[in-house]
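Contents: one structure, followed by commentary.
The values are calculated or read from the model by the stated rules, or taken from the named source; none is laboratory data. From a predicted model like this one, the values you see are computed outputs, not experimental measurements. Using ideal geometry, Cβ is built from the backbone for each residue, glycine included, and neighbour counts are taken over all protein chains shown. Please note that ligands, DNA and RNA were not included when accessible areas were found on the heavy atoms of the full protein model with its side chains. Shrake-Rupley method; radii C 1.70, N 1.55, O 1.52, S 1.80 Å.
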Amino acid sequence: QKFLRGYQITDSRGEARFVTIYPGWYVGRTVHIHVKVRTAPAAGRSFEFTSQMYFDDRLTEDVYADQPYAAKGRRNARNQDDRIFRRGGDQLMLAPTTTADGYAATFEIGLQIP
């Protein structure tokens, strides 16, 4: 299955925006969102960067206390339990703020392209 997938093209300022749901959890991993940045081919060459964005465990606990998340039960991995997060995930933390519709967060990604 391929759900909650999509792509955006950046605007003239290099910004992309998207709306999604708060991610669920699966066994062995902390809560995260996958991201991939691809450049347009320049002279037949393109670049890509793949990573993950993470959430503070306290926020996740608050979100997961409500339905439909609570119906799945307690997650089995927090940030420090996740082998990928432990390799620099603290540098990829989103800091959502509360909005009328849920949460909003921004994160800047800079690529140094040869």
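For this structure, a couple of remarks:
- With Cα atoms defining each centre, segment 5-51 and segment 76-114 are spaced 12 Å apart in the structure.
- Loop sites in segment 1-93: GluC sites (Glu not before Pro), DSSP, at most 16 other Cβ within 10 Å: 15
- Given (1) 144; (2) 101; (3) 120, the label whose value is volume of the Cα convex hull per residue in Å³ derived from this model: (1)
- Looking at the chain, the DSSP beta bridges with both ends there are about 90 percent antiparallel.
- Computed in the context of the full set of protein chains, the accessible area of the chain at 1.4 Å probe radius has 51% of its extent on carbon or sulfur.
- With contacts taken as Cα pairs under 8 Å and at least 6 residues apart, the chain reaches a relative contact order of 22 percent.
- Loop-located chymotrypsin sites (Phe, Trp or Tyr not before Pro) in segment 47-114, at most 15 other Cβ atoms within 10 Å (DSSP): 47, 107
- Close amide H partners of residue 35, meaning residues 5 or more places away or on another chain with modelled amide H under 5 Å apart, are 51, 52, 53.
- Sites count as exposed loop sites when they are trypsin sites (Lys or Arg not before Pro), lie in a DSSP loop, and have at most 12 other Cβ atoms within 10 angstrom; the longest stretch of the chain without one is 18-73.
- Accessible area of the chain divided out per residue, in Å², using a probe of 1.4 angstrom: 80
- Residue of 33, 84, 21 that the Gaussian network model of the chain assigns the largest fluctuation, springs spanning Cα pairs under 10 Å: 21
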